[in-house]
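**Q** Handing you this structure, nothing more for now.
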Amino acid sequence: MSDLGATSTSTGTVPTTTQKVAAEVIGTFVLVLIGCGAIVYAREVGAIITVTTVALAFGLAMTAAVHSFGRVSGGHFNPATTLAAVLSGRLAWRELPAYVAAQLAGGLAAAAVLLGLVQGFAGHDGSDGLAQSSFGDQGTGYAAWSAFLLEMLLTAVLVTVVLAVTDARHEHPGSAPVVIGLTLAAAYAVALPATGGSLNPARSVGPGLLAGTDAILQLWLFVLAPLLGAAVAGLAYPMLFGHDREPVPGSGVPRPAPRAREAAVAPTAAAEPAPIIQDGWQWDPVAHQWRPLEQPPAPRPAGDDDGRTQIRP
C-alpha cells in the first residue's frame, strides 16, 4: 500500500504522471459507478434501498480501487484526500491539479455511463436523478448548516484514518485498503439518510452536473465542506503525530520565501571628511571656527633623537 505520496511499482520505478492520472480516473470511476449505481438501480426496480447495502457498495468499491491502484497513485480517488496529502507533506502542490482533474473526470464519466445504462429500463424518465447528494427542501430536507457540518466532520474523520493507515510507521500497511473501505462504509451509513452521502467532491460533482439545475445549485456544499474537513485533518495529523519522513519538497502550507540575512559586518568608523584649508587657516568643524593651520614638525636629521645629538664613545 502506498503512502499517499511518492509511489513505486514492484520494479522500483516511480510511476509517471500519466500513470497516476489514469489510476485516479479509473479508481474514481469505479467508486462512483458502483456506489451511485447501487442507489439508482434499486430505485428503478422498486427494491427497498437500505443504508447498509449502499454504504457497503461504496466501501467495497473503495477497498477494491485502493488495493488495485494505490501502488500507482496513492489511491486517493477523492479531491479531499489529495488536499490532505498535500497539506500533510506527502504530495507536492504541483501534482494537485492533475489529481483533482483526474478524479473529477472519473466521477463525471461514471455518472454519464450510469445515465446511459439506466435508459435500458422501460419508461425511465430520469426523475429520480443519479443518486446525487442533496439537502434542504430540494433534497433530503436536512438543513444546510447541519449538512455542512456533517459532511465536514465525516470527511475529517475519513481522511484522518486514511493518513493514519498509510503512515510509513503503521505496523500493518497491508490492511490499509480494507480499513479505508470500512471507514468509508461507516461514514456513509451516517451520511446517506441526511445528505445522500458525499465526503468526496468528485462523487457529488459527477452525478450533480447531470441531474439537473437543483442538484447543480447545491454542489457548493458538497465541494466546500469536504475540502474544509480534509484541510483540518491534513494540517492536524502531522501536528499531533509528526511526519513519518521528511515532507515532500513543495508540499505543506505555502510560506513566503525567507528574507536573505544581511551579512554581519563589524562596525567601522565613519570616514572623516577632508579638512578645509584656506590661506593658512583650517576650519574646525567641532568649534565652528577657523584656526591657524598647524605646520607638520620638521623631519629629524639622521642620528638625532629628540633634538639631541647622540655621541657614541
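**Q** Count neighbours as other Cβ atoms within 10 Å of each site's Cβ, and list the chymotrypsin sites (Phe, Trp or Tyr not before Pro) in segment 106-145 that are DSSP loop with at most 15 such neighbours.
**A** Numbers: sites: F121, F135, Y142, W145; in loops: F121, F135, Y142.
Answer by residue number: F121.
**Q** While we're on this one: Hey, can you grab everything whose amide H is under 5 Å from the amide H of L293? Only 5+ residues off in sequence or another chain; H modelled, so Pro and N-termini drop out.
**A** Close amide H contacts, sequence-distant or interchain: W281, Q282.
**Q** Where Rh is the Kirkwood radius over the Cα pairs of segment 116-262, the temperature 10 °C and the viscosity 1.306 mPa s, what D in µm²/s does Stokes-Einstein return?
**A** Roughly 91 µm²/s, to the nearest whole number.
**Q** I've got another one for you. Just order 198-207, 37-46 by mean Cβ neighbour count inside 10 Å, highest at the front, would you?
**A** Numbers: 198-207: 29.8, 37-46: 16.8.
Most protected by this proxy first, the peptides run 198-207, 37-46.
Every number here is computed from the coordinates shown, using simple stated rules; none is lab data. A quick note: this is a predicted structure, and the numbers were derived from the prediction, not measured. All Cβ positions, even for glycine, are placed from backbone atoms using ideal geometry, and neighbour counts span all protein chains on display.
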